[in-house]
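S.K.: Got a structure for you, written out below as structure tokens; questions coming shortly.
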Amino acid sequence: MRLGINLGYWGAGMDADNLAVAQEADRLGYAVCWAAEAYGSDGATVLSWVAAQTRRIDVGSGIFQIPAPPPAMTAMTAATLDSLSGGRFRLGLGVSGPQVSEGWYGVKFDRPLARTREYVEIVRKAMARERLTHQGEHWTLPLPGGPGKPIKLTVHPVRERIPLYIAAIGPKNLALTGEIADGALLIFFAPEHAEETTLGALRAGREKAGQTLDGFDVVPTVPMALGDDIEALADHFRPYTALYVGGMGSREQNFYNRLARRMGYEKEAAEIQDRYLAGDKQGAAAAVPHRLIDSTTLIGPVERVADRMVAYAEAGVTTLSLAPAGFTLDERLASLRAGAEALERAGLA
């Protein structure tokens with residue numbers, strides 16, 4: 001199992017720190033550095049900056065949002081980043097959510113699976129430098145009856161096939177990801193529930209494509225905090241968990257709430273959401289079960305983190321992306337080093 005680092009969203013007052021974190025991860029031998037985007041900084045600019053100031057670590061979009069640029073533009077961006085980084089780019093895609101898709105990009109959040117399938121098909125064709133044609137529900141290339149003609153990408157990526165990942169939570173999206181992608185970007189991944197919440201659907205998608213999970217990259221992002229007081233460390237992640245389970249999306253369309261329910265937290269997920277949407281964020285955080293936090297984070301001393309890393313590896317994780325907590329740069333760098341140490345202690349390096 002390899003380690004990655006997830007820088008999260010840029011522009012939260014820690015920009016210089018984030019670069020230092022990426023550079024330390026590069027020095028320590030981490031495999032990949034992911035950067036996110038929502039409705040703040042864009043991922044491509046951040047990844048360009050990080051790639052220019054690192055040597056070995058891959059840089060990945062976690063994620064580029066499908067409602068934002070047309071697929072051909074994403075292919076151009078991916079090819080350019082792969083070329084500039086010397087073949088170190090990984091393309092992560094996702095449909096985002098209805099609030100961002102419709103509120104920020106003005107793109108209706110309907111038929112997300114069909115949209116994803118078409119988007120990936122066009123991106124792959126463009127990155128392979130084929131003449132671009134497509135006849136689909138969401139895109140038609142070239143447009144009929146006009147001067148457009150099939151053209152192909154002029155940039156030459158370093159690799160013939162840039163690794164493509166999809167951020168997936170629900171069973172249908174996980175199955176689609178297994179079918180058409182090279183890896184899955186996951187969140188709130190609990191090794192104890194891996195088969196019923198994640199791996200079963202991924203495996204079904206791989207089988208549909210005539211493949212197995214061998215060579216498929218399973219990549220959860222896992223928050224991490226070090227220390228001896230497990231309860232206090234778990235409390236640190238209560239607002240984060242409550243935000244996603246209770247307040248991310250609408251009551252009808254909250255993918256993280258549905259995931260918590262599939263993990264067996266039906267009653268608790270409902271209470272967290274009720275409290276959060278009523279404006280009681282503290283009450284929502286207090287309603288998050290300790291075992292939900294403990295199973296989806298890495299908390300405790302290095303020895304305990306190492307044991308949990310073994311559980312992640314045994315559950316099928318191939319790249320474990322850490323999101324280290326810390327109020328200072330020194331704390332975050334210490335967490336990175338502890339992550340590498342825990343991987344060694346676990347015998348997984």
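Read-outs throughout are calculated quantities, based only on the coordinates presented, and are distinct from any laboratory measurement. Note that the structure is a prediction, hence the values are computed from the model and not measured. Here the Cβ positions follow ideal geometry from the backbone for every residue, glycine too, while neighbour counts run over all protein chains shown.
S.K.: Over the Cα atoms of the stretch 36-194, how large are the radius of gyration and the largest Cα-Cα distance (Dmax), in Å?
M.R.: 15.9, 56
S.K.: Right, something else. Within a 10 angstrom radius of the beta carbon, how do Phe327, Phe89 rank from fewest other beta carbons to most? Before the final figure, lay out each step's value.
M.R.: Details: Phe327 8, Phe89 28.
So the residues, fewest neighbours to most, are Phe327, Phe89.
S.K.: Can you tell which of Val317, His290, Gly178 lies farthest toward the positive end of the dipole of the chain, using +1 and -1 charges on the Cβ of basic and acidic side chains (Lys, Arg; Asp, Glu)?
M.R.: Gly178
S.K.: For the Cα atoms of the chain, what angle does the longest principal axis make with the long axis of helix 71-84, in degrees from 0 to 90, nearest 10?
M.R.: Long axis of 71-84 versus the principal axis of the chain: about 70 degrees.
S.K.: How would you rank Tyr265, Tyr256, going from fewest to most other Cβ atoms within 10 Å of each one's own Cβ?
M.R.: Tyr265, Tyr256
S.K.: Please provide three numbers in whole Å: the alpha-carbon extents of the stretch 1-60 along the principal axes, with the largest listed first.
M.R.: That gives 31, 21, 17 Å along the principal axes, largest extent first.
S.K.: Ranking Ile272, Ile63 by Cβ neighbours within 10 Å, fewest first, what do you get?
M.R.: In order of increasing Cβ crowding within 10 Å: Ile63, Ile272.
S.K.: So if I take the centroid of the Cα atoms in the stretch 102-123 and the same for the stretch 182-223, what is the distance between those two points in Å?
M.R.: Each part's Cα centre sits 22 Å from the other's.
S.K.: Considering the convex hull of the alpha carbon atoms of the chain, report its projected area averaged over all viewing directions, in nm², one decimal.
M.R.: One quarter of the hull surface, i.e. the mean projection, equals 17.2 nm².
S.K.: Report, to two decimal places, the Cα Rg of the stretch 1-127 normalised by 2.2 N^0.38 Å (N = number of residues).
M.R.: Working it through for the stretch 1-127, the quotient is 1.07.
S.K.: Just from the alpha-carbon atoms, what are the Rg and Dmax of the stretch 214-292 in angstroms?
M.R.: Spelled out, the Cα radius of gyration and Dmax of the stretch 214-292 are 13.6, 45 Å.
S.K.: OK, next. Going by alpha carbons, how many degrees (0 to 90, nearest 10) lie between the helix axis of 266-277 and the longest principal axis of the chain?
M.R.: 80
S.K.: Same structure, new question: Which one, Arg111, Arg262, Arg27, has the greatest fluctuation when you compute a Gaussian network model over the chain with C-alpha springs under 10 angstrom?
M.R.: Highest fluctuation among the options: Arg111.
S.K.: For the chain, give me the percentage of DSSP beta bridges that are antiparallel, rounded to the nearest 5 percent. Don't skip to the end; give the middle numbers.
M.R.: Values: 2 of 36 bridges.
Of those bridges, close to 5 percent are antiparallel.
S.K.: With springs connecting C-alpha atoms under 10 Å apart, model the chain as a Gaussian network and identify which of Glu160, Glu252, Glu207 has the largest mean-square fluctuation.
M.R.: Highest fluctuation of the listed residues: Glu252.
S.K.: Now a separate question. Of Lys125/Lys152; Lys172/Lys208; Lys125/Lys172, which sit over 19 Å apart, Cα to Cα?
M.R.: On the way: Lys125/Lys152 9 Å; Lys172/Lys208 13 Å; Lys125/Lys172 24 Å.
As for pairs spanning more than 19 Å Cα to Cα, those are Lys125/Lys172.
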